[in-house]
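Each value in this text was obtained by applying a stated rule to the coordinates, not by laboratory testing. Nothing here was measured: the structure is a model prediction, and the numbers come from that model. Using ideal geometry, Cβ is built from the backbone for each residue, glycine included, and neighbour counts are taken over all protein chains shown.
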Amino acid sequence: MSLTSAATLATLDRTGPRRITDLAAVEGVTQPAMTALVRVMEGSGLVERRGDPSDRRVTLVCLTEAGASYVRRRRQAGVHAFERLIGELTGDEVEALVAALPALKHLAELESQDREGPKQ
């Protein structure tokens, strides 16, 4: 799976259903490229298109259960990789990481806000 596909699935998991135009902007690709990507992920059963109940002209891209499961498995694999690597650090290095956690959390929040753009 491409990084853009994985990032798009993670965005949908974090933010819920989105328009293709919104996904394209968040992921930094063109609308035609996102449309093609959604078509592939739809064919793989990871996403589906649904009508927007508030505007029948709009189609939203939504995660399927298979897509949500894929995102959870990827995140868990990342957690296990970090656990293994942190286990190889010295006590002082672990303490330094713990001390840095508030700043890292803030960076993640800033990045998330930047990627999601304005709230709808």
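Put simply, the amide H of Arg19, placed in the peptide plane, has neighbours under 5 Å in Val61, leaving out anything fewer than 5 places away on its chain. Rounded to the nearest 0.05, the FRET efficiency derived from the C-beta distance between Glu48 and Gln113 at R0 = 30 Å is 0.65. Of the options (i) 13.5, 45; (ii) 15.8, 55; (iii) 17.3, 57, only one is Rg and Dmax of the Cα atoms in Å as computed from these coordinates, and that is (iii).
Between Gln31 and Ala66, residue separation times 0.36 nm minus the direct Cα-Cα distance comes to 10.2 nm.
Return the FRET efficiency for the residue pair Val94, Thr4: r is the Cβ-Cβ distance, R0 is 35 Å, and the value is rounded to the nearest 0.05. E(calc), rounded to 0.05, equals 0.55. Within the chain, the selection of entire DSSP H helices by a Cα span of 24 Å or greater along the long axis and an average Kyte-Doolittle value of at least -0.5 returns 91-116.
When you filter the GluC sites (Glu not before Pro) in the range 51-120 for DSSP loop state and at most 10 other Cβ atoms inside 10 Å of their Cβ, you are left with Glu88.
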